[in-house]
Structures are given as C-alpha cells and as structure tokens.
Amino acid sequence: MSQPLLKQVDRLVALSVLAAVGLVWFILVGFDAFTIFVGELNDVGHGGYTLTKAASYTLLTVPRRMYEMFSYAALIGGLVGLGGLAGTGELTALRAAGMSKLRICASVVLSLCVLTAIVVVIGETLAPWGDQSAKALSLAAKSTDVTLAKGGSIWARDGETVVNAGNGRTRQTEQGSVVDLNRVRIFEFDKDGRLATLSLAARAEHAQGHWILHDVRRTVFGEASAASTQASELQWPSSLDPDVLALSIVNLDYLNLRELSRNIAYLERNGQDSRGFREAWWSRIFYPVNVLVLAFCALPFAFGALRSGGMGKRLFLGIVMAIGFYFLQRAVVSMGSVYGLAPAIANAIPPLLLIAMATAWFRRNA
C-alpha cells in the first residue's frame with residue numbers, strides 16, 4: 001500500500017477507535033462517579049457535610065477516575081471501534097487491499113498513543129491534586145480535629161497537642177488494621193499557649209488501642225533552656241481516633257511519581273520498609289505500557305468475533321479481557337511481593353505474557 005493510502009487508513013481507524021474510546025470512557029467514568037456520589041449521600045448531614053460538598057467531592061475525584069478507567073476504555077473502545085469498521089465492511093476492504101491484521105492493530109494503538117500521553121499527564125497532575133483536595137474537603141466538613149494540608153501532610157489537634165505527619169498509610173496485620181504515620185511532629189502547649197514540648201519521630205503506629213513512637217527525639221522547653229532526650233520507642237498517650245486518621249490517608253496509588261520517590265527515599269534513609277511505595281511507583285511507570293499492550297494484544301483474538309458478533313458480544317469480550325488482565329496483574333504483583341520478586345519484574349510479567357500470546361497468534365494467522 002502507498003504511503004498516502006496508509007495515512008488515510010490510519011485516519012479512518014483513528015476516527016472510529018477514538019470516538020468509541022471517548023464514548024466508553026465517558027460512560028465508565030460517569031457510572032463510577034455516580035456510584036461514589038450516591039455513597040457520599042449517606043454522610044450528608046454529618047458535621048458540616050452538605051449535598052453541595054458531596055457533589056464537589058465527587059467532581060474533584062473525576063480526574064483520578066478518568067485515569068483509572070482509561071485502560072478499560074481503551075481496550076473496550078478499541079474493540080468497539082474496530083467492530084464498527086467490520087460491521088460496515090470497511091475492515092474487510094482493508095484486508096482485501098492487502099493490509100495485514102498486524103498493521104490494523106498497530107493503527108489502533110497509534111491512535112491511542114497521544115490520548116494515553118494526555119492521560120498520563122492527568123495522572124501526574126490533576127488526579128493527585130483532585131484526590132487530595134477531595135480528602136481535605138471531606139475531612140474539614142466531617143471532623144474539626146483533623147485536616148489534610150498541601151502535599152498530603154496531616155495535621156490533627158488532640159486537646160492542647162498538635163500533631164503533624166508527613167504522610168501515612170494503613171496496613172493489615174494478624175491483629176487487625178494498623179495506622180502508620182511517617183515524619184511525625186508532636187507539639188505540646190501549656191495552658192498559656194506556649195510550646196512546652198516538641199517530639200520528633202521517624203514513625204508512629206496505632207496498634208491494639210495505643211500509639212507507639214519510633215526513633216524519637218523529645219525536647220522540653222523551660223523558661224530559658226531546652227533539654228533533649230532520645231529514645232528508640234516511646235508511648236504516645238493520645239485520644240486521636242485512628243479511624244478518622246485513616247480517612248485522611250491518601251492511597252499510595254493516588255500519589256504522583258515525585259511524591260512516591262520522596263517517600264521511598266525517606267523510608268530507605270531511615271531503614272524502613274518501602275516496598276509498598278516502590279510497587280506503587282513501578283505501577284505508575286508501567287501504566288502507559290499496560291494500556292497500549294492490552295489494547296494491542298486483545299485485538300487479534302477478537303478478529304473472528306468482530307465479523308460474527310454484534311456490539312453486545314464485543315463489549316462482553318472487552319470486559320472479560322479487562323477483568324482478566326486486572327486479576328492477572330494483581331496476582332503476579334502480590335506473588336512477587338510474597339516471594340521477594342523485584343516490583344519492576346513483577347509489573348513487567350503480565351504485559352510480556354500478553355505480547356508472547358499475541359506474537360504466537362500473529363505467526364499462525366499472518
């Protein structure tokens with residue numbers, strides 16, 4: 001095929017696929033946002049949480065939902081768009097003109113590259129900002145003691161004590177859920193509002209009904225002096241509700257690469273486990289790869305269905321593939337975490353498996 005004709009083919013495929021992707025993306029994001037909004041209605045009336053704030057909370061999380069749903073929209077939309085060409089006979093005409101199945105699939109992926117790049121930018125900018133803003137709005141309305149500052153840091157008031165944490169996370173243990181806070185600063189004031197004690201801790205955890213500070217430096221201020229002591233572990237008598245603090249913790253998957261890198265460096269500098277943050281970091285790195293590989297590798301297996309099935313069959317096929325890949329990826333990453341496999345390798349295995357399957361298919365159906 002001549003070069004101008006190939007460009008026309010790419011334009012034809014791009015228009016069909018991108019229109020289908022946009023429609024599917026809009027439906028998925030809209031349904032997900034509506035579901036969240038309905039759930040938020042249960043909290044309306046608690047404290048200062050109003051219907052307007054519930055709607056604002058939902059709208060602020062839309063960029064993150066766009067980021068999360070795009071991979072599924074790209075897969076399903078690619079199948080639907082290519083199926084539309086099959087339904088009008090244009091796909092058959094392309095094949096009759098000598099265009100290979102590999103070249104058609106490549107056109108679909110090429111049409112998704114620019115859109116994928118835009119989504120990656122959203123995932124690094126608007127999505128983290130929107131999610132943290134939504135958390136801050138929800139906390140400010142539901143709790144007067146805990147707030148979320150810029151960058152995801154946590155501020156909380158406990159009587160005459162003010163607590164600041166760089167970030168936090170929740171984890172599951174045999175004893176139940178544990179709240180971990182990193183880079184903790186505890187400001188204790190006297191009755192006159194003067195700073196009496198400052199405690200700096202690398203980490204604090206709430207477990208079995210009490211808080212424990214780790215690697216603590218505690219400074220007590222006198223009238224004209226200050227005395228510091230250090231301890232590897234110290235009890236923290238606090239009435240802060242860990243469940244409320246858990247609400248303020250931003251999911252690792254919602255942090256951008258810069259924030260994840262900063263936390264990884266801090267944890268490793270202090271000899272703490274950073275695997276969760278590294279897994280989230282590599283997951284972000286492989287996101288565009290997974291989107292494009294999944295869209296590319298799903299299409300060859302659908303060529304027969306595109307000719308013989310309608311819209312419902314294509315949607316069903318896309319949903320099954322998207323769900324299957326999601327569980328495959330989570331299973332491989334989880335097994336990698338259990339057996340000490342590097343997060344980079346664990347995240348690379350699922351797309352490599354798909355590429356191997358697609359390569360075998362193309363060799364048999366060239």
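The values are calculated or read from the model by the stated rules, or taken from the named source; none is laboratory data. What you see is a predicted model; the values in this text were computed from it and never measured. All Cβ positions, even for glycine, are placed from backbone atoms using ideal geometry, and neighbour counts span all protein chains on display.
Of the set (1) at pLDDT below 85; (2) under 30 Å from GLY48 (Cα atoms); (3) aliphatic (A, V, I, L, M), all apply to ILE186 but (1). Condition first: at pLDDT 70 or above and surrounded by 15 or more Cβ atoms within 10 Å (Cβ to Cβ). Can you find one or more residues in region 226-237 that meet it? Looking for residues that are at pLDDT 70 or above and surrounded by 15 or more Cβ atoms within 10 Å (Cβ to Cβ), one finds at least one in region 226-237, hence yes. Filter region 24-68 for residues that are hydrophobic (A, V, I, L, M, F, W, C) and over 27 Å from ASN256 (Cα atoms); which is modelled with the highest pLDDT? Within region 24-68, the match that is modelled with the highest pLDDT is VAL38. Return the total of residues in region 109-139 being at pLDDT below 80 and closer than 28 Å to MET357 by Cβ. The number of residues fulfilling the criteria is 0.
If a residue has to be free of Cβ contacts under 8 Å to residues at least 40 places away in the same chain and over 27 Å from ILE323 (Cα atoms) to count, how many in region 40-78 make the cut? Of the residues in region 40-78, 8 are free of Cβ contacts under 8 Å to residues at least 40 places away in the same chain and over 27 Å from ILE323 (Cα atoms).
Answer with yes or no whether THR147 is modelled with pLDDT under 75 and in the same structural domain as ALA196 (by TED's automatic domain parsing). Criteria not met by THR147.
Among the residues of region 180-201, just one is surrounded by fewer than 19 Cβ atoms within 10 Å (Cβ to Cβ), in a strand (DSSP E or B) and among the small types (Gly, Ala, Ser), namely ALA196. Evaluated against (1) assigned to a strand (DSSP E or B); (2) modelled with pLDDT of 75 or more; (3) not basic (Lys, Arg), SER177 falls short on exactly one condition, (2). VAL13 meets each of the listed conditions (1) surrounded by 19 or more Cβ atoms within 10 Å (Cβ to Cβ); (2) under 29 Å from PHE327 (Cβ atoms) apart from (2). Looking at region 83-119, which of its residues are touching a residue at least 40 places away in the same chain (Cβ under 8 Å), within 28 Å of the chain's Cα centre (by Cα) and surrounded by fewer than 17 Cβ atoms within 10 Å (Cβ to Cβ)? Hits for region 83-119 are ALA106, LEU110, CYS113, ALA117. For region 259-274, filtering for residues that are surrounded by fewer than 15 Cβ atoms within 10 Å (Cβ to Cβ), in a helix (DSSP H, G or I) and touching a residue at least 12 places away in the same chain (Cβ under 8 Å) leaves 1.
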